[in-house]
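Student: A single structure is presented below for examination.
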Amino acid sequence: MAKEIKKNKSNGGFTLLEVMIAMTVFSFFYVAYYVAQNQNVASSVTIREEIKLKELCTKKLNEIIVKPPQFKESLTLTTEVTAFEEDKNYEARVTYKRLKIPDVKKIMGKEEEDESGNNDSGSSAIEQTFMNKIKENLQEMIWQVEVQVINKETKASYSLSTWLQNTEAQVKDLGSL
């Protein structure tokens, strides 16, 4: 009698299809993790660059605040470009501007005076003279400075601006109104 050899199928192993599916899922998770890590590193580099630009910009602006230049009209004509001694890859561009106070009459569209000597807004000639003198004094005393720091290689930039007081400016007499 021939004995039938019974093959015992074991369910303990994986089929080729199951291994392929597991490898595919593992690959997707690995790629997602790798991409996230790369983005994190790129963000860190960008943030480091922004911090460096901000520090250099703040340093240059503080130098100007501590030791302001002599305020004169020639400051507004050009932009001063300087390199940093500690890092030659960065340059600072400093721009000075005078305070500009707009003419309120022109903004409101009320430039003409009526026959009584008052303009449409109801202000008298004395008030207008007074306001013009204040405007002239403020424009002489207050200046704006803008500092922009640029990385020469990456062209990344950061800028700050503030108002400076011209301590040498003399307040003009309002005269007899």
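Student: Give the residues of the range 90-114 that are under 22 Å from the mean Cα position of the chain (by Cα), modelled with pLDDT under 90 and open to solvent by 60 Å² or more (accessible area, probe 1.4 Å), sorted by residue number.
Tutor: Lys100, the sole residue that qualifies.
Student: Is there any pair with a first residue in the range 59-87 that is more than 20 Å from Glu168 (Cα to Cα) and a second that is basic (Lys, Arg) and surrounded by 11 or more Cβ atoms within 10 Å (Cβ to Cβ) whose Cβ atoms are under 6 Å apart and which are 6 or more apart or on different chains, and what are they?
Tutor: These pairs meet every condition: Thr79/Arg93; Val81/Arg93.
Student: Another question about this same structure. Take the residues in the range 22-58 that are open to solvent by less than 90 Å² (accessible area, probe 1.4 Å) and charged (D, E, K, R); name whichever of them is nearest to Leu164 (Cα to Cα).
Tutor: Out of the qualifying residues, it is Lys52.
Student: Return the residues of the range 145-168 that are among the charged types (D, E, K, R) and in contact with an Asp or Glu (Cβ under 9 Å, 6 or more places away or on another chain); say none if nothing qualifies.
Tutor: If the condition is that a residue be among the charged types (D, E, K, R) and in contact with an Asp or Glu (Cβ under 9 Å, 6 or more places away or on another chain), then Lys152 is the only one that fits.
Student: Let me ask something additional. Failed condition for Trp163, given (1) hydrophobic (A, V, I, L, M, F, W, C); (2) in contact (Cβ under 8 Å) with a residue 60 or more places away in the chain; (3) surrounded by 14 or more Cβ atoms within 10 Å (Cβ to Cβ), with all others met?
Tutor: (3)
Student: Please name all residue pairs, on different chains or six or more residues apart, with Cβ atoms under 8 Å, provided the first residue is in the range 136-150 and is over 14 Å from Asn62 (Cα atoms) and the second residue is surrounded by 15 or more Cβ atoms within 10 Å (Cβ to Cβ) and charged (D, E, K, R).
Tutor: These pairs meet every condition: Gln139/Arg98; Trp143/Arg98; Ile150/Glu91; Ile150/Arg93.
The values are calculated or read from the model by the stated rules, or taken from the named source; none is laboratory data. Only a predicted model underlies this, so the values are computations on that prediction, with no experimental measurement involved. Don't worry about glycine lacking a Cβ; one is built from the backbone with ideal geometry, like all the others, and counts go over all protein chains shown. Side chains are part of the model used for accessible areas, which takes the heavy atoms of the whole protein and leaves out ligands, DNA and RNA. Shrake-Rupley method; radii C 1.70, N 1.55, O 1.52, S 1.80 Å.
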